[in-house]
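The values are calculated or read from the model by the stated rules, or taken from the named source; none is laboratory data. Treat the numbers as computed from the prediction; the structure is a model and nothing was measured. Quick reminder, even Gly has a Cβ in these numbers, built from the backbone with ideal geometry, and neighbours come from all protein chains shown. Areas reflect the complete protein model, heavy atoms only, side chains present, ligands, DNA and RNA absent. Shrake-Rupley method; radii C 1.70, N 1.55, O 1.52, S 1.80 Å.
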Amino acid sequence: LLNLPGGCHDGGRGAGMWRDPNMCFRNKRKELNLWKQINENPIIQLVGLGKQFQTMNGPVTALEDINLEIRYGEVFGIIGLSGAGKSTLVRCINYLEVPTSGKVVFEGKNLSVMKDREKRLARQSMGMIFQQFNLLSQRNVLQNVCFPLEIAGVSKAEAKKRAEELLTLVGHGGPDEA
């Protein structure tokens, strides 16, 4: 199900009055068309991605010819045995680790040709949770989620609002459970 903004209610301007249903349907159709346009292009695309590490005993292939598309709104989990390359894959996706072959395209832009500043900005738009997610023990869950937003310059009020949305999205409940 799509949860798109712009419902049929007038937003409180008319003391609970509902808009014309025909107009509402046309607006919803426009929103769905917009969603389809947004979702046509992947937000993350991996093309022939590979990663080798050089060791004293020769090269070790961690990733080989990975092809993947992740579209807007999709949530992916990467699972596998220990040593299978899960963390290496995630680190290559966000370019904390530079792939030895293939390319990573984020929002239509090849990360390999981006300047370091552009890569940092791209990383801030990606939501990833690593195996060692290192929460700050002196902060509660809500404060831990707010922390990177505040570092990125988001106001405390906006960071709290967004963090509460994210915690609700993952079934954490709300601020009462934080």
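For every residue, the table says whether it meets (1) over 27 Å from LYS160 (Cα atoms); (2) small (Gly, Ala, Ser); (3) more than 21 Å from the chain's Cα centre (by Cα).
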| site | (1), (2), (3) |
| --- | --- |
| VAL47 | yes, no, no |
| SER82 | yes, yes, yes |
| THR88 | yes, no, no |
| VAL104 | yes, no, no |
| ASN110 | yes, no, no |
| SER137 | no, yes, yes |
Inset, instruction - Determine if region 118-134 includes at least one residue that is modelled with pLDDT of 85 or more, polar (S, T, N, Q), out of contact with any His (no Cβ under 9 Å at 6 or more places or on another chain) and not in a helix (DSSP H, G or I). - result: no
Inset, instruction - Hey, can you tell me all the residues within region 79-102 that are surrounded by fewer than 13 Cβ atoms within 10 Å (Cβ to Cβ) and among the β-branched types (Val, Ile, Thr)? - result: ILE79, VAL98
Inset, instruction - Say whether the condition of being open to solvent by less than 70 Å² (accessible area, probe 1.4 Å), modelled with pLDDT under 80 and more than 21 Å from ARG91 (Cα to Cα) is met by at least one residue in region 141-148. - result: no
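The rows are residues; the columns are (1) within 17 Å of the chain's Cα centre (by Cα); (2) at pLDDT 85 or above; (3) hydrophobic (A, V, I, L, M, F, W, C).
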{"residue": "ARG19", "(1), (2), (3)": "no, no, no"}
{"residue": "ILE44", "(1), (2), (3)": "yes, yes, yes"}
{"residue": "THR61", "(1), (2), (3)": "no, yes, no"}
{"residue": "GLU107", "(1), (2), (3)": "yes, yes, no"}
Inset, instruction - Determine which single condition THR88 fails, assuming it passes every other condition in (1) polar (S, T, N, Q); (2) farther than 25 Å from GLU40 by Cβ; (3) part of a strand (DSSP E or B). - result: (3)
